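Participant: I am attaching a structure below and will ask some questions about it afterwards.
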Amino acid sequence: MATNPPKLKTKMTGNERLQNLKNTFEKKYGESPLFYAYAPGRVNLIGEHIDYCGYSVLPMAIEQNILTAVSVNSSGTIQLANMNPQFKDFTVSCLEDIVIDRDNPQWYYYFLCGVKAIQEKCGIARLSGMSCVVDGTVPPSSGLSSSSALVCCAGLVTMEANQKSLSKLVLAEICAKCENYIGLEGGGMDQSISFLAEEGTAKLIEFQPLKATDVKLPDGAVFVISNCCKEMNKASSSHYNIRVVECRIATKMLAQARGLDSSKLLKLSEAQKELGASLEEMLALVDEVLHPEPYTREEICKALHITSEQFATQLLSANTLHMTHFKLHQRAKHVYGEAARVLQFKAVCDSEPAESVQLLGDLMNQSHASCRDLFECSCPELDQLVSICLKSGAVGSRLTGAGWGGCAVSMVPNEKVESFLNAVREAYYLPDPRRAAIEKQSLFVTKPGGGAAVFLE
Ligand code: GLA
């Protein structure tokens, strides 16, 4: 049940990864871990860049996760180490306020986002000291949500170390908000699925209020993840927040054009709700009210009756202050269209028609085209990879996660999986030595995995 605290008092002995983590922990801190916690990454099957607009998304957890070994102590510090030597150790005093440096998105700041979330939610004046070693198998900057998995794992670790108990739903909500400390205006999909996932099923995640519903995927196909090998770190570039801002402005422009009080509305879903319109009607409204040419600041200020100072403080975020032009028509078209595709995808999974696999594949292909052409969150490498995947036997293929690099997800009929993997390997990975070197962790079949949990060895 989604409302229970995420505790799994399972035995995990015999697991090589866990043994390595334990050995490293003991060498480093001279004691054994008291407990472990993990939080999975995710792959989003459909519903890209619409969670922060208030619309439902359809992800599933993957097997790759962030696993942390923890001991609680009276040192008055939180000590963090990572199994990956690229990521340096970090120690912070429990007496100091936790400060997260947005301009320097180091791995440990993601961890501290999770710590801060629990501290604030539970009103903990003085956090327990703890020693942690983190081990991640989610490839970083690949669109599989390694950063949110780290935030969620840290939240869970901090909850357990401070002997608090929160439900998965509450954990998901606060971990979604706290990732904003690092400057990213994310929408909550990644943290929600990391906590609410259940093995064997994808989930429809709805927001306000947060809710996760099982979505049974068809038996006739599997999902394959492939990394285009172009890294994209959402927090160290402004692409993501620019889209959040464009959607926010589009909301206000639509509301204003229909005589609503635009100052109260921030999300495209809120404009739809206020207007009592269907998604199809919203798509028509976008065509009627917004023009495809980029909007200037002056034009927006004039339409919304605000000063350029109000524009900057109320609508922009720290890393989007430089923006001069905004594509509102294209972004709103993508969001309303993609929100409709998520519902269609869920309806096909529920009704299981004979042609399910083809119908779902078509929706994934439409989603990729919309991400590429309207939302402009793809990149040449991802487009090339998606086209290779389709030529290699996938019925549907699309970028997954924030985009601008990272992974594609493809739906492949069961009987074609082997030939698909071989063909993609040959066409995309082997010709490039850098890609070939990381092919094993870049191209793999994935099944819906379980959600975050605490466990003892
Ligand atoms: C990132 C964010 C999510 C979501 C996706 C795009 O993963 O963290 O909230 O917006 O991008 O769908």
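The values are calculated or read from the model by the stated rules, or taken from the named source; none is laboratory data. Note that the structure is a prediction, hence the values are computed from the model and not measured. Virtual Cβ from ideal backbone geometry, glycine too; neighbours counted across all protein chains shown.
Participant: Have a look at 70, 43, 92, 99 and point out the one that is within 16 Å of the ligand (Cβ to nearest atom) and either among the acidic types (Asp, Glu) or out of contact with any Asp or Glu (no Cβ under 7 Å at 6 or more places or on another chain) (or both).
Facilitator: Residue meeting the stated conditions: 43.
Participant: Hey, another quick one. Against the condition away from the ligand (no atom under 16 Å from the Cβ), touching a Lys or Arg at 6+ places or on another chain (Cβ under 7 Å), at pLDDT 95 or above and on the phi < 0 side of the Ramachandran plot, how does residue 201 come out, does it pass?
Facilitator: So residue 201 fits the description; yes.
Participant: A follow-up question, please. Give me the pairs: first residue in the stretch 386-411 and free of Cβ contacts under 8 Å to residues at least 60 places away in the same chain, second residue part of a strand (DSSP E or B) and away from the ligand (no atom under 16 Å from the Cβ), beta-carbon distance under 7 Å, and six or more apart or on different chains, which are they?
Facilitator: Note: pairs meeting the criteria are 386/397; 390/397; 393/412; 396/410; 396/411; 397/410.
Participant: Continuing with the same structure: Would a scan of the stretch 193-216 turn up a residue that is under 23 Å from residue 311 (Cα atoms), in contact with a helix residue (DSSP H, G or I) (Cβ under 9 Å, 6 or more places away or on another chain) and assigned to a loop (DSSP other than H, G, I, E, B)?
Facilitator: No, the conditions are met nowhere in the stretch 193-216.
Participant: For the structure I just gave you, tell me whether residue 117 is closer than 20 Å to residue 197 by Cβ, in a helix (DSSP H, G or I), within 16 Å of the ligand (Cβ to nearest atom) and more than 17 Å from the chain's Cα centre (by Cα).
Facilitator: Criteria met by residue 117.
For every residue, the table says whether it meets (1) within 11 Å of the chain's Cα centre (by Cα); (2) within 19 Å of residue 150 (Cβ to Cβ).
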| position | (1), (2) |
| --- | --- |
| 31 | no, no |
| 34 | no, no |
| 41 | yes, yes |
| 44 | yes, yes |
| 55 | no, no |
| 59 | yes, yes |
| 70 | no, yes |
| 73 | no, no |
| 76 | no, no |
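Participant: OK, next. When the stretch 46-67 is examined, which residues are found to be within 16 Å of the ligand (Cβ to nearest atom), closer than 20 Å to residue 216 by Cα and in contact with a strand residue (DSSP E or B) (Cβ under 6 Å, 6 or more places away or on another chain)?
Facilitator: 46, 47, 56, 57, 58, 59, 60, 61, 62
Participant: More than 15 Å from the ligand (Cβ to nearest atom), out of contact with any helix residue (DSSP H, G or I) (no Cβ under 6 Å at 6 or more places or on another chain) and not β-branched (Val, Ile, Thr): is that true of residue 141 in this structure?
Facilitator: When the stated conditions are applied, residue 141 does not pass them.
Participant: In the stretch 36-54, what count of residues is obtained for those that are of a type outside the set (Asp, Glu) and either assigned to a helix (DSSP H, G or I) or within 17 Å of residue 111 (Cα to Cα) (or both)?
Facilitator: So the answer is 8.
Participant: Can you pull out the residues in the stretch 148-185 that are more than 12 Å from the ligand (Cβ to nearest atom), outside any helix (DSSP H, G or I) and hydrophobic (A, V, I, L, M, F, W, C)?
Facilitator: 166
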